[in-house]
1. Kindly evaluate residue 99 against the criterion of being out of contact with any helix residue (DSSP H, G or I) (no Cβ under 6 Å at 6 or more places or on another chain) and not in a strand (DSSP E or B).
2. Report whether or not residue 74 is of a type outside the set (Asp, Glu), outside any strand (DSSP E or B) and either within 55 Å of the chain's Cα centre (by Cα) or modelled with pLDDT under 85 (or both).
3. Counting only residues that are surrounded by 15 or more Cβ atoms within 10 Å (Cβ to Cβ) and not β-branched (Val, Ile, Thr), how many does region 138-151 have?
Amino acid sequence: MTDVKLRELRSDINELNGLLQQAQRKKVQDILSLEIRKLETEWSNLNELEKAAGASQAASSSAASTSVQNKRYQIKLNGYGWDQSDKYVKVFVTLKNAHTVPKEQVYCKLTDRSMELHVDNLDNKDYVLVINKLLEPIDVNESHWKQKTDMIVVFLAKSRQNIKWSHMTEIEKKFEDQRNNRLKGDDKNMDKSDPQDSIMGLMRNMYETGDDDMKRMITKAFYEGQQKKRTDTVDL
């Protein structure tokens, strides 16, 4: 719409300039000159508005495009390895190309019982590893982290040095303790019961806690035992 208005104004100005060249009387020339200046001013103002609108639209489009390009996704990490020395618990997080990320984009948020590792904008993704309820308290000020090839290593300084951690978190230790207590309870019950029941209870525990190969072996042994019972009964 603005382009059409600009073209119309320019046509009017050109036509008035043609009339001005043909005018003979001074008053007519003044009237035409005044009208031409008014139209020139209107055309100039309208042209500036058109340029400003175009620049604003281009900036908006550029900002929208940049926003789409910069949109990143957060990925929560679950897997990690860990080791310990007398002074540190070391957490190993494997991330391809982690060593290429600027140092300021790799950081940890630490408390005395938790760690939160952030790796920002790695291949347009943000990675986060959260470990809560650490087994023992850590010294936040003495803790630090390093970037290595395809890996981040977090050094959690032990508040109580020379204390060996049996597990990484309180939850893991509680789970392991409950499991061991349950197995001990089953063992006691088996000692008081019939030997055959004890064997069956042991096999049940082995089946529940064993891997696929163990389960297949127990199933096979149970099946063969049942078959033998049937054979013995027939022979009798």
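1. yes
2. no
3. Within region 138-151, residues that are surrounded by 15 or more Cβ atoms within 10 Å (Cβ to Cβ) and not β-branched (Val, Ile, Thr) number 5.
A quick yes/no check of all residues on (1) at pLDDT below 95; (2) of a type in the set (Phe, Trp, Tyr):
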| site | (1), (2) |
| --- | --- |
| 88 | no, yes |
| 159 | no, no |
| 168 | yes, no |
| 176 | yes, no |
| 182 | yes, no |
| 197 | yes, no |
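The values are calculated or read from the model by the stated rules, or taken from the named source; none is laboratory data. Note that the coordinates shown come from a computational prediction; the quantities given were computed from them, not determined experimentally. In this analysis, Cβ positions are derived from the backbone assuming ideal geometry, glycine residues included, and neighbour counts consider all displayed protein chains.
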